[in-house]
Every structure is written in C-alpha cells, then in structure tokens.
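Okay, structure first, notes after.
No lab work stands behind these numbers, since they all come straight from the coordinates. Note that this is a predicted model, so its numbers are computed, not measured. So basically every Cβ, Gly included, is an ideal-geometry build from the backbone, and we count neighbours across all protein chains shown.
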Amino acid sequence: MRYLHERGINGYIPDNKFRSRDPKFQQQKAKYGKRHQNRPNTGWKNTIPASEFQFDPVNLTCICPAGNAISYQGTREAENGKNRVHFEGRLLQCRHCPKKHRCMQNPASADHRKGSGRQVSFTIETKRLPNYTDWMKHRVDSPQGKEIYSHRMSVVEPVFGNIGSTKRLNRFSLRGKRKVQGQWQLYCLIHNIEKLANYGQMAA
C-alpha cells in the first residue's frame, strides 16, 4: 500500500472484509456477515455519500466529487469510541458548485456568509495513526474503486480458472523460486499460445 501511495500508482487492493462493507452483498448473510442491515434513515438518502469523496488518511486530505480540496477540521472521538476525521467545504466552492443540490442536505446554507459548506467525516481506527491500509480501504469502497475492481472478473479470473481448472495446475511440482517461476511461465506461455491459436488470426 505504501509503495502504491508514494509512487502515485492507481492500484486497487481489497482487504479480506471489503465485501462485508458493500451493500450489494447484504443478502448473503452466511458468507459476508450482516453489516449494512436495517440501517437507520439519516435523511441523506438522496445526497452524494462520503464514499465518493477521495479521502487520504495518511496525509489527512479530502477531495470532493467536484474535484475541490476541502478543509481539514480536526479529529474527534465519536460516541462509539472511534475517531472520526472531519472536513468541510469552503463557502465559495460550495456556493457556486453545480453539484450543490445533490451534495448538500441544506444547499441554502452555503449562500449565507455565516453558513457552511458540505461537511463530511470518516472513521479511522482508534489507538493508532491512519495508515496506508486505511487509504486503500477508502479507494476500494468508493464507486470508482468498485467499478475498476469488478473488471478483474473479465481480465484476471478467467486466466486463473483456465490454468488452475482446465490445465490442472493446482500445485507446483518443483521447489525453489527459479524452478517455480519457470514452471509458471511455461503454463502462461501455453495459455497465450492457445489464445493466439483460437483468436489470433488476422484479417486478410
């Protein structure tokens, strides 16, 4: 995670609980748990959720859906004992933002000099500083992250399925890093030759 963050690589690596945080899997209780079940109505149903804000828990920065950096307001302890990081949009940014009526529960508050912009907060783990895993969790949970990660079902998983199930490479028969790497590359070579044989003919 740190490698990706420091080099600005646009990678998405889910943790082992990322499905339990996704409402799409809330019906699969036995496998993914019961989170997001019977959540109370907070009145923000039709507003842009916090998951669409780009939160960086390492640098404590936040970018709103309109692409504006919003101000860090501090970290406070919530009633459940967990820390929440709070951000607030600048008045001039929110006042003229085309997404104001979808982003703010009370858009008129941005029109007053003593009003406030969109407020958003994020939970971080207690008794430790935010780390690179927190940063990646927020990326994977965002709508863009879910869309990008779903592509693996058509890009990566068919390859693993073919090599593991069809070609029956369910374990390596050699020992040592170099030998295992060689065996894996041979199977990948066969997989690619098969694709070229089936789909690689060029039109005349």
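Numbers at a glance
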{"item": "Within-10-Å neighbourhood charge of residue 117 [Cβ basis; K, R +1; D, E -1]", "result": "+3"}
{"item": "Chain lengthening between residue 114 and residue 19 when straightened (0.36 nm per residue, less Cα-Cα)", "result": "30.1 nm"}
{"item": "Sorted by Cβ neighbour density within 10 Å, fewest at the top, the residues 141, 111", "result": "111, 141"}
{"item": "Set of the stretch 155-179 residues, backbone N closer than 18 Å to the point 7 Å along the Cα-Cβ line of residue 185", "result": "172-179"}
{"item": "In the stretch 89-159, trypsin sites (Lys or Arg not before Pro) in a DSSP loop with at most 13 other beta-carbon atoms within 10 Å", "result": "113, 114, 127, 128"}
{"item": "Charge sum, other residues only, whose C-beta stays under 10 Å from residue 70's C-beta, Lys/Arg counted +1 and Asp/Glu -1", "result": "+1"}
{"item": "Extension gain from residue 10 to residue 192, taking 0.36 nm per residue of separation minus the Cα-Cα distance", "result": "62.9 nm"}
{"item": "Cα radius of gyration and Dmax for the stretch 157-199 (Å)", "result": "11.0, 35"}
{"item": "Residue-span extension gain [residue 171 to residue 56] - 0.36 nm each, minus C-alpha spacing", "result": "37.5 nm"}
{"item": "Distance violations [Cα-Cα > 24 Å] among 24/137; 99/146; 17/146; 24/195; 146/195; 17/82", "result": "24/195; 146/195"}
